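**Q** For reference, the structure I am asking about is given below.
The values are calculated or read from the model by the stated rules, or taken from the named source; none is laboratory data. Just so you know, these numbers come straight off a predicted model, no measurement behind them. Neighbour counts are summed over all protein chains in view; Cβ atoms, including those assigned to glycine, are modelled from backbone coordinates with ideal geometry.
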Amino acid sequence: MSQSVDLSGVDTLAQELATIQQTGAKRIALLGSRHVPITHQNLIEMMSYALVLGGNRLMTSGATGTNSAAIRGAMRANPSLLTVILPQSLERQPRESREQLEQVMHLVENPENDHLSLSEASSLCNAEIVSRCQQLICFAFHDSKTLLKTCEEAEAQRKVVTLFYFD
């Protein structure tokens, strides 16, 4: 009598272990909520600064809060290692974000999504960011539907996902 053993989780664990042990630079996506206290933004900025100083390529989107803090840290460390992918065109971004975004060297706009709601465009944008990264770091609330869905999609693609909750 033979027994079957479920090895579906082994492949995922091996992938995570390989990514964690990788000593070279990684492509890391850092995404999160717009509604973030300034103390948390400072921590996120320091994290992105350290990640980029370590030679990692950082990807994020252009929203205020988490993403803006990630941009500030990466820009201080090495602007050439930062890529910002917008859910829509630059013109559709809030004025306070536009000034920062205009300084980004690798800025990807998605004007074809200008007719979509911000939520729909953000979901598409997050999917594009995840497809380009090896690892996702996400800062969310338990009711952040778009971000939590992004984390699930990243896990389904066998990306290493680190999820921090604000609440």
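**Q** Provide a single number: the residues in region 151-167 that are surrounded by fewer than 17 Cβ atoms within 10 Å (Cβ to Cβ) and assigned to a loop (DSSP other than H, G, I, E, B).
**A** 4
**Q** Which ranges mark the helices (runs of 4 or more DSSP H) fully within region 1-82 that have 3 or more residues being at pLDDT 90 or above and surrounded by fewer than 22 Cβ atoms within 10 Å (Cβ to Cβ)? First the steps, then the outcome.
**A** Numbers: elements: 8-21, 38-53, 66-77.
Qualifying helices (runs of 4 or more DSSP H): 38-53, 66-77.
**Q** Go through region 90-125 and count every residue that is surrounded by 12 or more Cβ atoms within 10 Å (Cβ to Cβ) and part of a helix (DSSP H, G or I).
**A** 15
**Q** Could you pull out the residue among Val130, Val84 that is of a type in the set (Val, Ile, Thr) and more than 21 Å from Gly24 (Cβ to Cβ)? Spell out how you get there, then give the answer.
**A** Working: Val130 fails: more than 21 Å from Gly24 (Cβ to Cβ).
Of Val130, Val84, the one residue that is of a type in the set (Val, Ile, Thr) and more than 21 Å from Gly24 (Cβ to Cβ) is Val84.
**Q** In region 126-150, what residues are assigned to a helix (DSSP H, G or I), touching a residue at least 40 places away in the same chain (Cβ under 8 Å) and in contact with a helix residue (DSSP H, G or I) (Cβ under 6 Å, 6 or more places away or on another chain)? So that I can check it myself, show each step before the final result.
**A** Filtering region 126-150 for residues assigned to a helix (DSSP H, G or I) gives 126-132, 145-150.
From the residues that got through so far, the ones that are touching a residue at least 40 places away in the same chain (Cβ under 8 Å) too are 126, 128-130, 132, 147, 150.
Listed by number, the residues that qualify are Asn126, Val130, Thr150.
**Q** While we're on this one: Of the residues Leu101, Leu136, Leu116, Leu107, which single one is modelled with pLDDT of 95 or more, among the aliphatic types (A, V, I, L, M) and over 26 Å from Leu51 (Cα atoms)?
**A** Leu116
**Q** Scanning region 126-147 for residues that are over 12 Å from the mean Cα position of the chain (by Cα) and under 22 Å from Met47 (Cα atoms), which turns out surrounded by the most Cβ atoms within 10 Å (Cβ to Cβ)?
**A** The qualifying residue surrounded by the most Cβ atoms within 10 Å (Cβ to Cβ) is Ser144.
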